[in-house]
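Beneath this line is the structure, given in structure tokens, with notes to follow.
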Amino acid sequence: MTTQEYKPFGFHSVSLDEDKCQGCTVCIRHCPTEAIRVRGGKAKIISDRCIDCGNCIRVCPHHAKRAIIHKLEDFEGKFKWTVAIPAPSLYGQFPGIEDIDYVLTALKHIGFNDVFEVSRAAEIVSDYSRKIIAEGKVPKPVISTACPAVVRLINVRFPDLSSHLMPVRPPIEVAANIARRRAVRQTGLQEDEIGIFFISPCPAKMTACLAPIAGNYGKVDGILSMSDLYIRIATEIKKIDEPERLSHSGIIGIGWAASGGEATALLKDIYVATDGIDNCIQVLEEVENYRLSDVDFIELNACTGGCVGGVLTVENPFVAKARIHMLRKFLPVSMNKFKDDGDDLDIIYADNALTSPAKGLSSDRAEALRMVKQINELIEKFPGIDCGACGAPSCKTFAEDVVRGYGRESDCTFVLRKQIAGMFSQLELPPNILAGETGKKVGE
Ligand code: SF4
Ligand code: SF4
């Protein structure tokens with residue numbers, strides 16, 4: 001059985017297989033948003049706190065966490081024309097290729113009618129982002145919206161920073177839009193007869209597609225996992241003597257695959273590019289405390305190394321990054337530009353207002369204050385050692401859970417012990433019984 005608990009925001013790709021879960025609590029300590037609890041011997045994911053970063057999939061020793069993702073077979077016969085839009089991180093997965101066209105040709109061989117690289121859209125996004133930063137209308141530092149796990153992190157933990165988000169759609173959305181328009185022109189088919197499939201490095205993209213909180217991933221029909229398609233693509237690559245000339249991306253677009261690629265493409269001196277969810281949190285805390293106000297742009301990737309480190313990739317992120325670097329070597333700097341006409345603006349601009357800001361304690365201020373007081377009182381009662389025996393990652397989060405109605409005080413073993421001791425003392429038992437002495441001798 002697969003579960004995500006408390007589902008106000010609908011679908012999440014990252015889910016729990018209850019049959020495999022042993023309730024070991026390893027995952028609760030690695031979740032950056034404190035979204036996991038262990039209750040009744042099984043982990044539960046709190047839906048409105050989960051950002052689909054995939055950390056729990058990486059660390060679960062029993063493989064009980066997994067990503068729900070589309071399968072190509074699910075769409076058989078549904079579309080008359082299909083287009084694969086591969087993330088640039090796909091190119092770093094295969095050894096021994098010296099040209100991106102091998103990967104793109106292999107995608108056509110496994111059944112797609114056409115391909116359109118997300119790296120092309122990334123170059124258009126980079127070009128447009130330079131204009132946005134030059135205009136200076138978005139407060140500094142401007143924060144990238146390319147990683148949906150980071151956008152959700154901002155929604156859950158740093159909602160006050162949403163005004164810093166770059167008002168630009170992420171490359172996957174832009175690519176899907178352009179690919180669909182191009183396919184309509186090429187084939188004469190209706191839009192809904194064309195299937196656009198993103199080849200994804202991570203579950204966060206799947207969630208962004210099915211339950212967006214900013215932007216609109218609606219133009220993507222299916223999200224397919226790199227790891228699911230890996231063997232089929234690798235097998236086809238080996239059969240190719242001369243690949244079709246399909247690639248139309250430069251150094252800038254391909255560079256988005258790894259951490260720092262998006263930021264360097266802006267050609268600005270003062271930027272921060274970091275990867276790994278804990279580092280992202282640290283940087284966002286700095287922004288919140290006004291310590292990075294002189295920085296122009298911040299690129300944040302939830303995964304180590306950037307998208308090459310996504311949980312649905314196959315290759316070691318550092319090896320994949322080195323391959324990407326090699327593949328870029330003989331390419332021009334950029335092959336795609338933002339065209340300043342209505343068409344391009346229509347597909348690239350997004351106001352990026354977060355559509356489902358995470359819930360605070362209560363929308364009623366007086367009620368919220370009362371709950372904060374209750375939480376503080378409970379924290380005083382708990383031992384403050386964050387032992388995890390209650391199934392929450394810390395005493396503070398457990399106190400919040402109790403006040404929100406997600407747990408009982410007595411789930412804390414320290415409180416339970418005190419309650420039992422109190423009950424015994426009310427029974428006025430003789431002191432030797434209270435001390436655990438039965439009066440029996442050893443061996444009796
Ligand atoms: S995907 Fe990330 S945020 Fe969601 S439960 Fe797992 S570790 Fe927590
Ligand atoms: S860094 Fe890339 S692969 Fe990782 S969650 Fe963000 S978008 Fe997905």
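Criterion first (out of contact with any helix residue (DSSP H, G or I) (no Cβ under 6 Å at 6 or more places or on another chain) and farther than 30 Å from R181 by Cα) does K44 satisfy it? For K44, the condition - out of contact with any helix residue (DSSP H, G or I) (no Cβ under 6 Å at 6 or more places or on another chain) and farther than 30 Å from R181 by Cα - is met. Look through the range 308-319, keep the residues that are hydrophobic (A, V, I, L, M, F, W, C) and within 15 Å of ligand 1 (Cβ to nearest atom), and return whichever of them is least open to solvent (accessible area, probe 1.4 Å). Here the answer is L312.
Residues checked against (1) in contact with a Gly (Cβ under 9 Å, 6 or more places away or on another chain); (2) open to solvent by less than 20 Å² (accessible area, probe 1.4 Å); (3) closer than 13 Å to P88 by Cβ:
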position: W256; (1), (2), (3): yes, no, yes
position: A263; (1), (2), (3): no, yes, no
position: L267; (1), (2), (3): no, no, no
position: G276; (1), (2), (3): yes, yes, no
position: C280; (1), (2), (3): no, yes, no
position: E288; (1), (2), (3): no, no, no
position: G306; (1), (2), (3): yes, yes, yes
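Annotation: of all residues in the range 100-116 being touching a Phe, Trp or Tyr at 6+ places or on another chain (Cβ under 9 Å) and part of a loop (DSSP other than H, G, I, E, B), the one that is most open to solvent (accessible area, probe 1.4 Å) is N113. Does I124 count as closer than 18 Å to V314 by Cα, open to solvent by 10 Å² or more (accessible area, probe 1.4 Å) and either within 16 Å of ligand 2 (Cβ to nearest atom) or assigned by TED's automatic domain parsing to the domain that holds A204 (or both)? Answer is no for this residue.
Annotation note: of G136, G188, G96, the sole residue that is closer than 24 Å to E236 by Cα, open to solvent by 40 Å² or more (accessible area, probe 1.4 Å), without any contact (Cβ under 8 Å) to a residue 40 or more places away in the chain and not β-branched (V, I, T) is G96.
Among the residues of the range 361-375, those identified as closer than 21 Å to V156 by Cα and in contact (Cβ under 8 Å) with a residue 12 or more places away in the chain are L361, M371, I375. Kindly indicate whether I69 is open to solvent by 10 Å² or more (accessible area, probe 1.4 Å), within 16 Å of ligand 2 (Cβ to nearest atom) and in contact with a strand residue (DSSP E or B) (Cβ under 9 Å, 6 or more places away or on another chain). Yes, satisfied.
The combined condition, being at pLDDT below 70, more than 30 Å from R181 (Cα to Cα), charged (D, E, K, R) and not assigned by TED's automatic domain parsing to the domain that holds V38, is not fulfilled by E409. Of all residues in the range 365-383, those being touching a Lys or Arg at 6+ places or on another chain (Cβ under 9 Å) and in a loop (DSSP other than H, G, I, E, B) number 1. Check the range 204-216 and report whether any residue there is of a type in the set (A, V, I, L, M), in contact with a helix residue (DSSP H, G or I) (Cβ under 8 Å, 6 or more places away or on another chain) and not in a helix (DSSP H, G or I). Yes.
Candidates are the residues of the range 36-45 that are buried (at least 22 other Cβ atoms within 10 Å of the Cβ) and touching a residue at least 40 places away in the same chain (Cβ under 8 Å); the one that is farthest from ligand 1 (Cβ to nearest atom) is V38. So for the range 291-300 (the condition being closer than 26 Å to M166 by Cα, assigned by TED's automatic domain parsing to the domain that holds S119 and either part of a helix (DSSP H, G or I) or free of Cβ contacts under 8 Å to residues at least 40 places away in the same chain (or both)), does at least one residue qualify? Among the residues of the range 291-300, at least one is closer than 26 Å to M166 by Cα, assigned by TED's automatic domain parsing to the domain that holds S119 and either part of a helix (DSSP H, G or I) or free of Cβ contacts under 8 Å to residues at least 40 places away in the same chain (or both), which makes the answer yes.
Based on what the data block shows, is L90 under 23 Å from the mean Cα position of the chain (by Cα) and under 30 Å from K329 (Cβ atoms)? Considered against the rule, which asks whether it is under 23 Å from the mean Cα position of the chain (by Cα) and under 30 Å from K329 (Cβ atoms), L90 comes out as yes.
The values are calculated or read from the model by the stated rules, or taken from the named source; none is laboratory data. Fair warning: this is a prediction, and the values are worked out from it, not measured in the lab. Here the Cβ is made from the backbone with ideal geometry for all residues, glycine too, and neighbour counts use every protein chain on show. Quick note on the areas: whole protein, heavy atoms, side chains included, nothing else; ligands and nucleic acids left out. Shrake-Rupley method; radii C 1.70, N 1.55, O 1.52, S 1.80 Å.
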